[in-house]
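One structure below.
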Amino acid sequence: MKKHTIITIAILAAAVFGACDGEPAAPGVLAPGNTASEASAPAMSVDEASAVPGEAGFEFIYKGNAIVLGSKADDFIAKAGAPKDVFEAPSCAFEGIDKILYYPGFIINTYPIDGTDYILSVVLGDDSLTTPEGVYLGMGADEIPDVYGPVSEKENALIYKKGGTTLTFITENGAVADITYYYEAAISVQE
Amino acid sequence: MDKLLVILRNLDAEADFENCVTLIDGGILDSFDIISIIAAIDEEFGITVPAEEIIPENFNSAKALYEMIQRLDEE
Amino acid sequence: MVFTTYEFLILLVVAAVLYYTLPRSFQWKLLLAASAVFYAYSGLDNLIYLAVTIISVYLATRRMDDLLAEQARGLAADIPGENAKAYRAAIKRRRRRLMVLCLVLNLGILVVIKYTAFAVQGADAVFHVLAKPEDLGFFRFALPLGLSFYTFQSVSYVIDSYRAKKAGYVERNPFKLALFISFFPQMVQGPISRFGDLKQTLFERHAADADAISAGALRVFFGFFKKLVIADRLMPVIRALTAPGDEFAGAYVLLTALVYAVTLYCDFTGGIDVTIGTARIFGVKLAENFDRPFYSKSVAEYWRRWHITMGTWFRDYIFYPLSASKPMIRLIKPARRLLGDHIGKRLPVYIATMVTWFATGLWHGAAWNFIVWGVLNGAVILISQELTPLYGKFRSKLRLGDGKVYGAFEIFRTFWLMSLIRVFDVYADVPRTLRMFGTIFTDFGAGKLIANGIAPLGLSLADIVLAAVSLAAMIIAGAVSRSKPGSFNSVTFRVSLCAVLALAVIVFGKYGLGYDARQFIYNQF
Amino acid sequence: MKIYRFALILAGFAALFFGLQRLLTPKYMSGVYDGALIAEYYSETKNHEVIFIGDCEVYENFSPMTLFGEYGITSYIRGGAQQLIWQSYYLLEDTLRYETPEVVVFNVLAMQYGEPQSEAYNRLNLDGMTLSASKLNAVNASLTKGEDALSYIFPILRYHERWQELTPDDLRYFVSRKSAGHNGYLMRNEVKPVTIIPDGAKLANYDFAEVCRVYLDKMRVLCEENGIDFVLVKAPTIYPHWYDEWEAQIESYAETHGLLYVNFLEHIDDAGIDFAADTYDAGLHLNCSGAEKLSRYFGAILTEKFGLSDKRSEPAAAAEYAAKLRDYEAMKTAQRSEFETNGKAVTFTYSKS
């Protein structure tokens, strides 16, 4: 029985591969052997290079809850509770509404995609709050590089970039005047 | 010439090599046969057939093949 | 420059108007100017590579031609006396050295630019050559437009010049040669023309002939229609179905193969239609590159109908020289003794076929999935070659005969065989492709395919209906033009059809801001 | 192939091409009305004493009907959603091809945008313009990544994808469109009181971009060359925040060039604006009653400073504006009753009587 099945399989395989080739000679050309080539296109197999860098971005922690930039605002609200106040800022012509969520000592700006609000930036408002790495409003500007490392100082702002987010310290006469966490990737989304 | 016919005949017994003139165009000889003929020519006549000679005019009939062999022999 | 841009259309119209208004002696010069503009548009630094190729080919072939003339003079004056053979061999050796030098330079450029990164990657995988992965970027060169095409076309010209028996084959006017190598329509994706075929139609003077121009224009618009309305519309489906993650198993793999076959056909033949149509507008006849490939009854026949000029190039410049070469022929005698008469005799063809197909795969892209694709094609062809006799018995025993039904089965089988092999292009890498093939048997999930409907395809119903209608129109147009050849001959009808196709492309084409994949799949070469 | 046959086919192609273009181009007759404003200017009689240019802070906060009703000032607003400063300049250039007003008013909020913002806003400002050198310059100055100028000359090259999303509006307004603006003013009658006034986050750099200063100068010079009084204004809105550092730069610019600059944020009480009733989106834009108050206040300044004549006595202007005022009042009452009954105004377009 075994021998028999092997033969049938072989024949079946032959049927599949057996592109019986009666060698019809193409007109006026030597009996075409079997070399030609197909220009199949390599387009698809290129991996989409712009995968989001794996490295995690900057995060501000409020009462133990991390505010993940670019994540859904509702997720944070569910954990940390509703904001004191919400200011809605419809953009000039289109329906999308940017919102400002007011929390004690800081605000969260959101931007909408198809009706869901995502966190765009977090701005610290008073000196009682510190970044997870320990920087607070009014702190000496020169102390920041040894907390976050060297950075190119542009006029009066120190900007750190990590994992698609930026952390900006605006300094006025040597002291930190503003701390903003900003979701870089949002720019391409918003356009 | 008959040595050539012997080579051709043991490739394909039935084909009428004496007077058929469309060995290639008629699809009687395929690329396998062509290479075998070149190998046989190399063996029997000691002549190597360069790639540029593999054109229908030379391989379409036994006579054309023979003429090619003679031409290559003089060069 | 890319075919589907406004710049190309403007260049085409301006060049065509000048072509038929300037005195005819300027015509080929105008084509050269247009080609220079076309090529410069893709980046001036690319011009350097093209210039190096043109100059090296010109110098080498002219010198080879001089040597032939010198040989003819020498023999005529009977200088070498009786050792004419040695004299002729010496000349041949000098010409051969020139050819080899020129080929090494030009093919060298191609290999260095296209494969260094791949080679280094391979070396790194084995010997950890690279300090850190990003260093690979250093070896990645920007690919000049049409590098593979004009290099292969130049190589064929150099070899043909070497093979020429008498002087005078070679083009001594460097600018005419430059036009042959860089004639703009064929820069992007071929066809790869032979100097012998193209010389006459390219350089001769063309009167303004409404028939040629309207036929050319119609073919250009038809090419754009296939490319922008059908191929680019279906592209997202392939991207969706080959996205990472295995939810698209089984039946979806077959669907991917089918959609990719159609998309690639429309994209590639569309591009070639634009190329041949554009040349036709200037009265230049380029070789056809496709001949209804999906009607092939065998894999080997398929390769004689799909990208014909590429096939003949590999056959004339790699397969035959290799299989007819001395070492290969010398192999036969020992092979016969060891492997028996049947295989021994065919050994050179086996080796030559696999080498040719390896080269073809590698030519398509510096990646393993292309090499596997190429080798697989070679293997399938060899196997089918060997099984032909067995296959004949199988058919006669079952008395299938050569009826229509059996022909249809062959066409169906060849189409699916080729479509599945072609799928190596679209999945990220070889292991994934093989895993996907496996799912056809392990998790076919036809029910899933039907249940999910069109959602996973990434296309709206309107798009799918439009693609289907356009495909039908394309197939009907092809059938009508074959069955009733005269139907497309009236110039008025052609011009009206151009207008209709133009509107169809403007409205239904996938181009512009909302859609940026305007690149022809093909021209990453 | 006869030439006339070829010409016939070409004509057929052109007719279909422009017909399809008209069909596929957005009509802005429902949903986003802002896109209809720019084009409406061209069918107006060009005899305006005052021309407003700028973003939604002009076309939502000033009412030309009030200016005429109460002072006889003829005016028109050539405003567009988030109109950038160079777009305002080229719109002014475009307007001067038709008429030369006495006064040109520019809202300075756009000074904060030094580069093109988004394709959507570009389209709202530029598609409405008729083809001209000014339009081409405006387009080239505004292109964002991926945009190309040709699709502004032939909009079908951009909107051809809409073949899948055609709405009844595309057919209804294929031939002619209704009007959305009242001399460029987009009327809104809903009420949504201000609850919070967000304070501006600190900026790293408060200086206006160089390109903004360049185009501000170009506007000023263009006005001087045409004997037009160039007036700068800042509309009374609580968001986006108008920084003091910005205010200082505008004030010094107005001073050095002897221009009138009115920051209505400092005159909210003088104009009698009540942020509980005079805004439809909690302070970002005034509603109709707010705009009328602001226009009444601004009309007095304009008449006093620039001695604009009272056109209500001229029969032609009086008749023309009588019809406009009828349409204006009709829409106002319609929107207000719709807002009262179901909390949302619906009538935003009207057919000119």
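Each reported figure results from applying straightforward, stated rules to the coordinates on display, with no laboratory input. On a predicted model such as this, the values are computed, not experimentally measured, just so you know. Note that each Cβ is placed from the backbone with ideal geometry, even for glycine, and that neighbours are counted across all protein chains shown.
Report the local net charge at C:Pro327: Lys and Arg +1, Asp and Glu -1, summed over other residues whose C-beta lies under 15 Å from its C-beta. Kindly include the intermediate steps, with their values, before the conclusion.
Numbers: positive: C:Lys326, C:Arg330, C:Lys333; negative: B:Asp42, B:Glu43.
Net charge in that neighbourhood comes out at +1.
Could you work out the mean count of beta carbons from other protein chains within 10 Å of each residue's beta carbon in D:201-211?
Working: counts 10, 11, 5, 12, 5, 0, 1, 0, 0, 0, 0.
Going residue by residue through D:201-211 and averaging, the value is 4.
Just counting partner chain Cβ atoms within 10 Å, what average do the residues of peptide C:500-510 show around their Cβ?
So the per-residue partner count for this stretch is 4.
Using Cβ contacts closer than 10 Å as the measure, can you line up D:Arg172, C:Arg280 from fewest to most?
In increasing order of surrounding Cβ atoms, one gets D:Arg172, C:Arg280.
Starting from the Cα gyration tensor of chain C, take the square roots of the eigenvalues, sort them a ≥ b ≥ c, and report rounded, prolate or oblate (rounded when a/c is under 1.5, otherwise prolate if a/b is larger than b/c, else oblate). Kindly include the intermediate steps, with their values, before the conclusion.
On the way: a/c = 1.55, a/b = 1.17, b/c = 1.33.
It is oblate, given that a/c is not under 1.5 and a/b is not larger than b/c.
Counting Lys +1, Arg +1, Asp -1, Glu -1, what net charge surrounds A:Ile119 among other residues with beta carbon under 14 Å of its beta carbon?
Summing Lys/Arg as +1 and Asp/Glu as -1 gives -3.
Cross-link partners among aspartates and glutamates for C:Lys85, C-alpha distance below 14 Å, same-chain residues fewer than 8 apart left out?
Partners within reach: B:Asp73, B:Glu74, B:Glu75.
Give me the three principal axis extents of chain D from the C-alpha atoms, as integers in angstrom, largest value leading.
74, 48, 43
Considering Cα pairs under 8 angstrom that are at least six residues apart, work out the relative contact order of chain C and quote it in whole percent.
This gives 20 percent for chain C.
Kindly identify the stretch C:6-208 as rounded, prolate or oblate by the Cα gyration tensor criterion: order the square roots of the eigenvalues as a ≥ b ≥ c, call it rounded if a/c is under 1.5, otherwise compare a/b with b/c, prolate if a/b is larger, else oblate.
In terms of gyration-tensor shape, oblate.
Taking each residue of C:302-314 in turn, how many C-beta atoms of other protein chains fall within 10 Å of its C-beta, and what is the average?
Partner Cβ neighbours, averaged per residue: 5.
Amide H to amide H under 5 Å from A:Ala175: which residues, 5+ apart in sequence or cross-chain, H placed 1.01 Å off N in plane?
A:Ala141
Please compute the net charge surrounding C:Leu179, taking Lys and Arg as +1 and Asp and Glu as -1 over other residues with Cβ under 10 Å from its Cβ.
Net charge in that neighbourhood comes out at +1.
Filter the cross-link list A:Lys79/D:Lys344; A:Lys63/A:Lys99; C:Lys114/C:Lys226; D:Lys27/D:Lys135; B:Lys63/C:Lys165; D:Lys135/D:Lys202 down to pairs whose alpha-carbon distance in this structure exceeds 27 Å.
Checking Cα-Cα distances, A:Lys79/D:Lys344; C:Lys114/C:Lys226; D:Lys135/D:Lys202 exceed 27 Å.
For the stretch C:307-418, what is the charge dipole size about the Cα centre, in debye to the nearest 20, if Lys and Arg each add +1 at the Cβ and Asp and Glu each add -1 at the Cβ?
Values: 14 positive and 5 negative charges, 108 e Å.
With Lys and Arg at +1 and Asp and Glu at -1, about 520 debye.
What is the fewest-to-most order of C:Phe412, C:Phe38 by other Cβ atoms lying within 10 Å of their Cβ? Intermediate results must be reported in sequence, preceding the final value.
Details: C:Phe412 12, C:Phe38 23.
Ranking C:Phe412, C:Phe38 by Cβ neighbours within 10 Å, fewest first, gives C:Phe412, C:Phe38.
By counting other Cβ atoms within 10 Å of each Cβ, how are C:Ile109, C:Ile181 ranked from fewest to most?
Starting with the residue having the fewest Cβ neighbours, the order is C:Ile109, C:Ile181.
Please label the shape of the stretch D:284-353 as rounded, prolate or oblate, based on the square roots a ≥ b ≥ c of the eigenvalues of the alpha-carbon gyration tensor (a/c under 1.5 means rounded; beyond that, a/b larger than b/c means prolate, else oblate).
Working: a/c = 3.77, a/b = 1.49, b/c = 2.53.
Oblate shape, in that a/c is at least 1.5 and b/c is the bigger or equal ratio.
Return the distance in nm (one decimal) between the two label points of a simple spin-label model at C:Leu339 and C:Ala477, each offset 7 Å from Cα along Cα→Cβ.
So the label points at C:Leu339 and C:Ala477 sit 4.8 nm apart.
How long is the stretch B:2-74 along each principal axis, judged by its Cα atoms, biggest number first, in Å?
The Cα atoms of the stretch B:2-74 stretch 30, 21, 21 Å along their principal axes.
Which helices pass in chain D if a helix is a full DSSP H run, must span at least 30 angstrom along its long axis by Cα, and must have mean Kyte-Doolittle hydropathy not below -0.5?
D:3-24
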